[in-house]
Amino acid sequence: MYGRKKYSKNYLPRNFITDMNYLEKFKDIHTFIFDVDGVLTDSRVIVLENGHLIRTMNIRDGFAMKYAIQQGYRICVITGGTSSGVVHRLEGLGIVDVFKGVQNKVEKFEEYVLANNIDPNGILYMGDDIPDYEVMRLVALPACPENAAPEIKAIAEYISPRKGGDGCARDVIEKVMKLQGKWVETKEQHTTLE
């Protein structure tokens, strides 16, 4: 439907920003879509005796997502997981587009894009494992954390130096917003040297 990207066997993912075409992709992003386990968490779960699963999420990722929403960006989460605790956390950050228990991420992605009239050329999708593979091929900027599966690293156009659950979402959001002049300004940025 959106045209799948083709990658040669010699394709090497870029994990640093060096050429202008690559910078231009960051500049055009208006929508971030994230997986949960392995991206917003560190891929591990603690299994309690009662069968409940506990995950940890990075506070800095949370700040960046909340700030991006406040600045007018779309944030969407598409996950195969079904944790109500994760949904509660994300909704508390102001993320209204949280899709859990998704078996077919491409189908949910296409449904989301069509329902919201979103141009896929402005979407960054960050995934870490095989269930993210096909949907990553549909977006302008497929990204992944440093510890993603090799198959995902092979198609990612940006590999964060941060691991899943350790600030990789913050990394991509901050890059986009800084390039677009929308990141948080501090007093130090306004101080001039005398």
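Any read-out appearing in this document is the output of simple, stated calculations on the displayed coordinates, not a laboratory observation. The model shown is predicted, which means the values in this text are computed figures rather than measured ones. Reconstructed Cβ throughout: ideal geometry from the backbone, glycine too, with neighbour counts over all protein chains shown.
Numerical summary
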item: Local electrostatic count at Gly165 - Lys and Arg +1, Asp and Glu -1, tallied over other residues with Cβ under 13 Å; result: -1
item: Residue-span extension gain [Glu151 to Gln103] - 0.36 nm each, minus C-alpha spacing; result: 15.4 nm
item: Estimated inter-spin distance, Lys27 and Lys66, nm [label 7 Å along Cα→Cβ]; result: 3.2
item: Length gained when the stretch Val96-Ile54 is fully extended (0.36 nm per residue, less Cα-Cα span); result: 12.9 nm
item: The range 20-180, relative contact order in percent, only Cα pairs under 8 angstrom and at least six apart counted; result: 30
item: Total charge dipole magnitude, the range 20-180, about the Cα centre, Cβ charges on Lys, Arg, Asp, Glu only, Debye to nearest 20; result: 460
item: Highest average packing first - 127-134, 24-31, 142-149, Cβ atoms within 10 Å; result: 142-149, 127-134, 24-31
